Amino acid sequence: MKQWFRLITLMSTLFISSVAQAACKHEGACSQSCTLGPHFISPQDGDTVSSEILVKMGIKGLKVHKAGDLIEGTGHHHLIIDGTYIAENETVPADDRHIHFGKGQTETIINLKPGKHTLTLQFADGHHQSYGEIMSRTINITVK
Ligand SMILES: [Cu+2]
């Protein structure tokens with residue numbers, strides 16, 4: 001009886017670790033998508049891309065919701081081009097380098113000039129007030 005119990009415990013441990021491994025199969029993707037906060041599904045940090053860039057945004061730990069409604073645990077994405085994260089509770093500016101996705105969008109196409117650029121995702125609440133550095137993610141890309 002004891003051995004049977006031990007076998008079940010071992011099997012469930014193996015099962016859980018294999019599930020965890022499957023979720024984190026690609027280490028690069030894991031370091032982003034397994035951590036709380038926003039992450040880039042594409043492009044990835046260090047990528048070289050053409051000038052028209054499809055940006056896909058993900059979020060872990062909070063839910064995407066349209067701007068205007070202030071609901072705890074929700075917010076929307078902001079893409080900051082060649083800038084930095086917005087301090088907690090500060091309003092995310094709205095200009096051509098700070099793009100709001102207030103309809104709850106999770107992908108967009110941007111055009112950048114050739115050279116090195118940074119892209120920052122900033123998650124903010126329904127009133128565009130930043131959740132701070134912890135809810136931001138910056139990657140470096142090269143446009144050819
Ligand atoms: Cu916003």
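When K116 is tested against (1) in a strand (DSSP E or B); (2) surrounded by 12 or more Cβ atoms within 10 Å (Cβ to Cβ), just one condition goes unmet, and that condition is (2).
In the set I59, I86, only one residue is more than 12 Å from the ligand (Cβ to nearest atom) and either in contact (Cβ under 8 Å) with a residue 60 or more places away in the chain or in contact with a Ser or Thr (Cβ under 8 Å, 6 or more places away or on another chain) (or both); that residue is I59. Inside the range 124-136, residues that are within 15 Å of I59 (Cβ to Cβ) and either in contact with a Ser or Thr (Cβ under 7 Å, 6 or more places away or on another chain) or part of a loop (DSSP other than H, G, I, E, B) (or both) make up a count of 6. Out of the residues in the range 67-78 that are touching a His at 6+ places or on another chain (Cβ under 7 Å) and part of a loop (DSSP other than H, G, I, E, B), which is nearest to the ligand (Cβ to nearest atom)? Applying the filter and picking the extreme gives A67. Residues in the range 119-128 that are closer than 22 Å to H65 by Cβ and buried (at least 17 other Cβ atoms within 10 Å of the Cβ) were compared, and the one that is nearest to the ligand (Cβ to nearest atom) is H128.
Of I81, I134, I53, I139, all but one fail to be more than 13 Å from the ligand (Cβ to nearest atom) and in contact with a Lys or Arg (Cβ under 9 Å, 6 or more places away or on another chain); the exception is I81.
Quick check on my filter: what residues within the range 91-111 are surrounded by 14 or more Cβ atoms within 10 Å (Cβ to Cβ), assigned to a loop (DSSP other than H, G, I, E, B) and within 13 Å of the ligand (Cβ to nearest atom)?
V92, F101, G102, G104, Q105
Beta carbons closer than 8 Å, at least 6 apart along the sequence or on distinct chains, pair a first residue in the range 30-54 that is modelled with pLDDT under 95 with a second that is surrounded by 13 or more Cβ atoms within 10 Å (Cβ to Cβ) and among the acidic types (D, E) for Q32/D45.
The values are calculated or read from the model by the stated rules, or taken from the named source; none is laboratory data. Keep in mind that what you see is a predicted model, and the values were worked out from it rather than measured. No Cβ is skipped: glycine too gets one built from the backbone with ideal geometry, and neighbour counts run over all protein chains shown.
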